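Heads up, the thing below is written out as C-alpha cells.
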Amino acid sequence: MEPTRPERSPSFGREIDLLFLELIEAKAPYENYKRELVKLEKRWLQRAKTPAQRLAVQQTIAKTLLTEAYGGSLPWKEFGRWLRRLQQLGFRDLRMRVHVTCLYVQALHLFPRRAREAWAMLEDTERRVLRLRRENPLREEHTEAIAHAKKVARVPSPPR
C-alpha cells in the first residue's frame, strides 16, 4: 500500500468560497462576514511569501467586504472604508476597477453627496475600458457592466 500524501491546504480562493458557503447557510449578518474575512486575511498574510501575494490578499478581502457592504446597503462609514482601502491598495486589474466603480455609482442613493466623485470615477473607468481593443471580449463585458450601472443608478451624474 502506498503512503498517502499529506492533504494540501485549500487555496485562498477556495477558502473564501468555503467561508462564504458557511456564512450564507448561517444567514450571518455583515459583522460576521467582516470578522471572519479579516481573520482569514490575517492568516493568509502570514502565509504570503512575497509582497505581491500580500497585496493580492488585501485587495481581495477589501473588494469582498466592499461588495458585502453594498449588498447590505450599509452607510458610507462602512462602504467608504473599503472603497478608500481599495483606492490605497490599487486595483489588481481592470475587472476589479469596473466592479468597484459600478457598485459605487449604484450605491449613491445611500450617500448622494459623493455623486461627483463616483461619476468621475466611472468616467475614468469607462475611458480605460474603451482603450481595450475592440476584439477583446472584456471590452464588451465591461462596457455592458458600466451601461447597466448608469441605467440603474438612482442618483444622476451631476452637471459639470
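With all protein chains in place and a 1.4 Å probe, the accessible surface of the chain carries 52 percent carbon and sulfur.
Here the Kirkwood formula puts the hydrodynamic radius of segment 86-160 at 12.6 Å, using every distinct Cα pair.
Per-residue ellipticity at 222 nm for the chain, helices alone: DSSP H runs ≥ 4 residues times -39500 (n - 2.57), over residue total, nearest 500 deg cm²/dmol? Present the calculation step by step, with values, prior to reporting the outcome.
Numbers: 7 runs with 112 residues, N = 160.
My calculation for the chain gives -23000 deg cm²/dmol from helical runs alone.
Given Cα pairs under 8 Å that are at least 6 residues apart, what percent is the relative contact order of segment 1-109?
Relative contact order, segment 1-109: 21 percent.
Our coupling estimate for segment 23-34, obtained by passing each phi through the Karplus curve with A = 6.51, B = -1.76, C = 1.60 and θ = phi - 60°, is 5, 5, 4, 7, 6, 6, x, 3, 4, 5, 4, 4 Hz, Gly and Pro reported as x. Both the radius of gyration and Dmax for the chain are 18.1, 74 Å, in that order, over alpha-carbon atoms.
Seen from Pro158, the other residues with C-beta closer than 14 Å to its C-beta sum to a net charge of +4, counting Lys and Arg as +1 and Asp and Glu as -1. For segment 41-157, the residue among Ala118, Gln53, Val100 whose Cα projects farthest onto the positive side of the dipole built from Cβ charges is Gln53.
Extending 7 Å from Cα along the Cβ direction at Leu110 and again at Leu89 yields two label points whose distance is 1.8 nm.
Relative contact order for segment 61-108: 47 percent, from Cα pairs under 8 Å spaced at least 6 residues apart, divided by residue count. Think of each Lys and Arg Cβ as +1 and each Asp and Glu Cβ as -1; about the Cα centre, that makes the dipole of segment 1-93 roughly 500 debye.
Shown in residue order for segment 105-111 are the 3J(HN,Hα) couplings computed by the Karplus curve 6.51 cos²θ - 1.76 cosθ + 1.60 at θ = phi - 60°: 5, 6, 8, 4, 4, 7, 8 Hz (x for Gly and Pro). Heavy-atom accessible surface of the chain, averaged per residue, reaches 66 Å², computed with a 1.4 Å probe. On the beta carbon distance between Lys49 and Arg133, with R0 = 35 Å, the FRET formula returns roughly 0.55. Rg and Dmax of segment 68-128, both derived from C-alpha coordinates alone, stand at 10.9, 29 Å.
Quick one: putting +1 on the C-beta of Lys and Arg, -1 on the C-beta of Asp and Glu, what dipole do you get for segment 44-160 around its Cα centre, in Debye to the nearest 20? Don't skip to the end; give the middle numbers.
Numbers: 24 positive and 11 negative charges, 72 e Å.
Dipole about the Cα centre, nearest 20: 340 debye.
Selection among Thr64, Pro137, Gly90 by position relative to the dipole of the chain gives Gly90 as farthest towards the positive end (Cβ unit charges, Cα centre).
Eigen-decomposition of the gyration tensor built on the alpha-carbon atoms of segment 1-90 gives equivalent ellipsoid semi-axes of 28, 18, 8 angstrom, largest listed first.
The values are calculated or read from the model by the stated rules, or taken from the named source; none is laboratory data. Note that the structure is a prediction, hence the values are computed from the model and not measured. Reconstructed Cβ throughout: ideal geometry from the backbone, glycine too, with neighbour counts over all protein chains shown. Quick note on the areas: whole protein, heavy atoms, side chains included, nothing else; ligands and nucleic acids left out. Shrake-Rupley method; radii C 1.70, N 1.55, O 1.52, S 1.80 Å.
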